[in-house]
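Just below is one structure, and these are the notes that go with it.
The values are calculated or read from the model by the stated rules, or taken from the named source; none is laboratory data. This structure is a prediction, so every number in the text was calculated from the model and none was measured. All accessible areas refer to the heavy atoms of the entire protein, side chains included, with ligands and DNA or RNA removed. Shrake-Rupley method; radii C 1.70, N 1.55, O 1.52, S 1.80 Å.
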Amino acid sequence: MKIIYLLMALVLITSGLSAQQQQDFKIKFYCTNWGMHETWDSYCQRVKQAGFDGLETWLPGSETEKEEMFAAFKKHGLAFGFLSGGGGATFDQYYTSFVQNVEQAAQYKPDFINCHTGKDYFTFEQNKKLIDATEVIAKKYKVPVTHETHRGRFSFAAHITREFLEKIPHLSLALDISHWCNVHESLLSDQKETVALALSRTGHIHARIGHPQGPQVNDPAAPEWEATVDQHLAWWDEVIKNRKAKGLKELTITTEFGPSGYLPTLPYTQQPVADQWSINVYMLNLLKARYQQ
């Protein structure tokens, strides 16, 4: 009888810890400023009113715009994360630019830095050198640095990214799996082990819905995309499950549906077939309803 009571107590304690873990785990939602055509103050006001926790953006080049941006963040109580990348005609030029940009972004202590890292045509060792450099910066400034799964980068395809994940233990991904759906012309049902590895190493999510013929569906609320949306949600569910299992307390998610050009448009008039802002707010509310119960 004592053994039964002990087992019951253990079950209660375990379930209690599980419930506590649920309460302790936090998801912070960020809005993209991709396609922003207004002042920082005006846009940040809209972002805050919509219910976002923060904003993800590239660090502006001019000091004046930086001041305007940070003033708007402070005024509207918004957190921020930065995108970062590099450029140059040679790898050496790219490396110097990339490291300088990531370090500059880190100095502002963002919640995270999401890197567009390398090129799909750089060698494995070249791309690894870039990834390793960001690990030094992440430790120096105590800022999480992730590397986005993105066409044109080292992580453009699932099977290529797998080698990096297997050989670089500290590599953390910003999962924008919409790109892989496009690259592989599928919802990746034939690469489940590779996708599972990527999900287990995800530190940030770009919540955009891709499909076999493109990186962005025209409207995720449309019924014809229901199965595709459900698959993306299942992937994101797994990321959250993995982070909770590791005892991590937080996940950052950016709703990143893009503007006209990325968002499909009608011929001749170039009118977008849906509204970018409304879609990103829709995604925010969809994810909040799913994960913040």
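In nm, what is the difference between 0.36 nm times the number of residues separating K140 and D190 and their Cα-Cα distance?
Numbers: separation 50, 0.36 × 50 = 18.00 nm, distance 3.93 nm.
Fully extending the segment from K140 to D190 adds 14.1 nm.
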> Restricting the count to DSSP beta bridges whose residues both fall in the chain, what percent are antiparallel, rounded to a multiple of 5?
Replying inline: 5
>> What is the ratio of the Cα radius of gyration of the chain to 2.2 N^0.38 Å, with N the residue count, to two decimals?
In response: 1.06
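Run through the DSSP bridge list for segment 87-232 and note the antiparallel percent, rounded to the nearest 5. Before the final figure, lay out the partial values.
On the way: 1 of 9 bridges.
In segment 87-232, approximately 10 percent of DSSP beta bridges are antiparallel ones.
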> Using heavy-atom solvent-accessible surface (probe 1.4 Å) with all chains present, what is the largest-first order of E65, E185, E256?
Replying inline: E185, E65, E256
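Let me have the relative contact order for the chain, percent, based on Cα pairs under 8 Å that are six or more residues apart.
Values: 465 pairs, mean separation 45.8, N = 293.
Once normalised by length, the contact order is 16 percent.
Can you work out D for segment 11-157 in µm² s⁻¹ from Stokes-Einstein, where Rh is the Kirkwood radius over C-alpha pairs, the temperature is 20 °C and the viscosity is 1.002 mPa s? Can you show the working numbers first?
Working: Rh = 17.0 Å.
Stokes-Einstein gives a translational diffusion coefficient of 126 µm²/s.
What translational diffusion coefficient, to the nearest whole µm²/s, does segment 120-184 have by Stokes-Einstein, given a Kirkwood radius computed over alpha-carbon pairs, a temperature of 25 °C and 0.890 mPa s viscosity?
202
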> Relative to the first principal axis of the alpha-carbon coordinates of the chain, what is the inclination of helix 63-76, with its axis defined by its Cα atoms, in degrees from 0 to 90 and to the nearest 10?
Replying inline: 30
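Rank L55, L286 by accessible area, highest first, at a 1.4 Å probe radius? The partial results should precede the final answer.
Values: L55 0, L286 50 Å².
So the residues, ranked largest to smallest area, are L286, L55.
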>> Over all directions, how big on average is the projection of the convex hull of the alpha-carbon atoms in segment 102-238, in square nanometres?
In response: 8.4
> Where Rh is the Kirkwood radius over the Cα pairs of segment 178-293, the temperature 20 °C and the viscosity 1.002 mPa s, what D in µm²/s does Stokes-Einstein return?
Replying inline: 142
> Out of G210, G152, G88, any idea which swings most in a Gaussian network model of the chain, alpha carbons joined below 10 Å?
Replying inline: G88
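Rank Y291, Y94, Y282 by accessible area, highest first, at a 1.4 Å probe radius?
Details: Y291 50, Y94 0, Y282 85 Å².
Ranked list, largest accessible area first: Y282, Y291, Y94.
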> Can you give the accessible area of R46, probe radius 1.4 Å, in Å² rounded to 10?
Replying inline: 80
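State the three equivalent ellipsoid semi-axes of segment 218-272, derived from the C-alpha gyration tensor as the square roots of 5 times its eigenvalues, in descending order and whole Å. Walk me through the intermediate numbers first.
Details: eigenvalues 209, 40, 7 Å².
For segment 218-272, the ellipsoid semi-axes come out as 32, 14, 6 Å.
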> So how compact is segment 168-229: Cα radius of gyration and Dmax in angstrom?
Replying inline: 12.3, 40
> How many Å² of accessible area per residue for segment 138-293, probe 1.4 Å?
Replying inline: 45
